[in-house]
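The values are calculated or read from the model by the stated rules, or taken from the named source; none is laboratory data. Predicted model, so just to flag it, every value in this text is computed and none were measured. Every residue, glycine among them, receives a Cβ derived from its backbone with ideal geometry; neighbour counts consider all protein chains shown. Protein only, heavy atoms only, side chains kept; ligands, DNA and RNA dropped before computing areas. Shrake-Rupley method; radii C 1.70, N 1.55, O 1.52, S 1.80 Å.
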Amino acid sequence: AGEYPKSLNMWLDYNTFSAQVSGMMFEPLITMDPTRDEPLGVLAKSWEVSADKKTYTFKLSPDAVWSDGVPVTAQDVQFYYDVMMNPKNLTSLFRVDLKRFARPEVIDDKTVRIVANEAHWQNFWTAGGLFALPKHAWEKLDFNEINFAFPVVSGPYRIYQVQTNRSIIMQRRGDWWGRNLKMNQHKYNFDYLVFRAEEDQTKALEMLKRGDFDLYPIYTARMWAQQTD
């Protein structure tokens with residue numbers, strides 16, 4: 001519920017919804033373990049940190065592949081950096097942190113080295129937070145025009161249907177490379193995720209009560225206090 005999004009590309013229009021959708025289609029090197037305060041590999045199978053904590057070397061999982069069968073490589077991580085740092089792209093929000101790093105170095109197809117220009121407590125998480133974007137599919141496209149069509153993805157869901165100003169449907173991928181990883185067991189259980197647009201909060205609340213919505217976040221204190229139990 002809410003207004004129809006300007007884009008599903010979180011790097012062009014960053015908000016809670018676009019981050020949720022993009023995060024189900026594309027994957028970073030690492031994430032935070034949900035139960036322990038430590039890093040957990042996503043695309044990265046292992047990593048090394050230099051003694052001065054300025055150089056980070058990530059080895060990508062040999063099993064990681066795009067939805068078209070092309071392997072996910074270190075070049076795709078380097079491509080992500082290049083896209084974000086390109087001043088022609090509307091990605092200035094992401095350049096704030098990435099400007100602390102030199103361009104990632106491709107050691108081989110499955111190894112990428114990221115060097116920070118200066119020490120910073122957040123360097124490891126910023127480096128590990130780099131995503132892979134499909135260079136082979138996107139390098140000739142205008143990134144600023146990639147908003148609703150994502151035919152090549154690496155994550156557990158893909159865009160199934162887009163009805164402008166009405167709804168967006170995502171479909172679970174049966175061929176997702178990460179499905180059998182231990183950390184993904186019992187996750188991503190829904191075959192389809194349906195997001196319906198409804199700007200009118202009163203209508204949206206009534207739709208929730210009717211069962212048209214399974215989940216509807218309420219951000220208005222008056223509505224929360226007076227119209228729900």
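The table below gives the values:
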read-out	value
For the range 159-229 versus the range 57-107, the gap between their alpha-carbon centres in whole angstrom	29 Å
Pairwise FRET efficiency - Q226 versus K45, Cβ, R0 = 45 Å, nearest 0.05	0.30
Heavy-atom accessible area ranking, 1.4 Å probe, most first, across D214, D33, D191, D82	D214, D191, D82, D33
Sequence of V77, V194, V162 from largest to smallest accessible area, 1.4 Å probe	V194, V162, V77
Exposure ranking of Y188, Y216 by accessible area [1.4 Å probe, largest first]	Y188, Y216
Of all accessible heavy-atom area on the chain, the percent that carbon and sulfur account for (1.4 Å)	50 percent
Helical contribution to [θ] at 222 nm, DSSP H n ≥ 4, -39,500 (n - 2.57), averaged over the chain, rounded to 500	-6500 deg cm²/dmol
Spatially proximal aspartates and glutamates relative to K54 (Cα-Cα < 17 Å; intrachain offsets below 8 disregarded)	D97, E105, E118
Within a Gaussian network of the chain (alpha carbon springs, distance under 10 Å), most fluctuating of A204, A19, A44	A204
Listed residues I114, I146, I159, most fluctuating in the chain (Gaussian network, C-alpha, under 10 Å)	I146
Average Cα contact separation per residue, the chain, under 8 Å, 6 or more apart, as relative contact order %	23 percent
Rounded FRET efficiency, nearest 0.05, which uses the C-beta distance separating L93 from H120 and R0 of 22 Å	0.80
C-alpha long axis of helix 16-25 to longest principal axis of the chain, angle in °	60 degrees
Solvent exposure of the range 12-165 as accessible area per residue, Å², 1.4 Å probe	51 Å²
Violating pairs (Cα-Cα greater than 18 angstrom) within the set K99/K140; K110/K135; K88/K140	K99/K140
Rounded to 10°, Cα long-axis angle of helix 74-85 versus longest principal axis of the chain	70 degrees
Degrees separating the helix 201-210 axis from the principal Cα axis of the chain, which is the longest one	80 degrees
3J(HN,Hα) from dihedral phi, the range 120-128, Karplus parametrisation 6.51/-1.76/1.60, rounded to Hz, x for glycine, proline	7, 4, 9, 4, 4, 6, 5, 5, x
Which label in [x] 117; [y] 166; [z] 156 gives the computed volume of the Cα convex hull per residue in Å³	[z]
